[in-house]
Amino acid sequence: MAKKKIISLEGAVKTDAGLTYKGVIMDPIDDKCEGCERVAEVEGGKYCPTYAQPTTKWAKGICNFATHARAGVDKGGKVKVNPLKASKRAARGR
């Protein structure tokens, strides 16, 4: 399996409003983003090149871009199952 290309923030400019990349103001990463392969360091700060406001990605649970965490298990320790897929599996006899 080939290793994926790591995205960089080449051409980003540090301004008074924050880090600007292609016209978008990037927010620094959240504490939960530590350990993710996507994090890029620019001028002493760590930023996510995939999503401009990483804190909002973690607001409702796990970030779907996170390479270091999985969203498979809920608080009770049970695996989350899509109800539509579960009903189709039951209909097929699995």
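The values are calculated or read from the model by the stated rules, or taken from the named source; none is laboratory data. The model shown is predicted, which means the values in this text are computed figures rather than measured ones. Cβ coordinates were reconstructed from backbone atoms using ideal geometry, including for glycine residues, and neighbour counts include every protein chain displayed.
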So, first residue of a type in the set (Phe, Trp, Tyr) in region 46-69, second residue not in a loop (DSSP other than H, G, I, E, B), Cβ within less than 7 Å, six or more apart or across chains; the pairs are 47/19; 47/26; 47/28; 47/40; 51/57; 58/32; 65/57
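Taking the condition of being surrounded by 15 or more Cβ atoms within 10 Å (Cβ to Cβ) and of a type in the set (Gly, Ala, Ser), how many residues in region 29-44 meet it?
So the answer is 1.
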Here the residues within region 19-41 that are closer than 22 Å to residue 66 by Cβ and assigned to a loop (DSSP other than H, G, I, E, B) are 27, 29, 30, 34, 35, 36, 37, 38, 39
Residues of region 13-29 being at pLDDT 85 or above and acidic (Asp, Glu), in sequence order, are 27
Taking region 50-74 and keeping residues of a type outside the set (Phe, Trp, Tyr), part of a loop (DSSP other than H, G, I, E, B) and crowded, with 18+ Cβ neighbours inside 10 Å leaves 63, 66
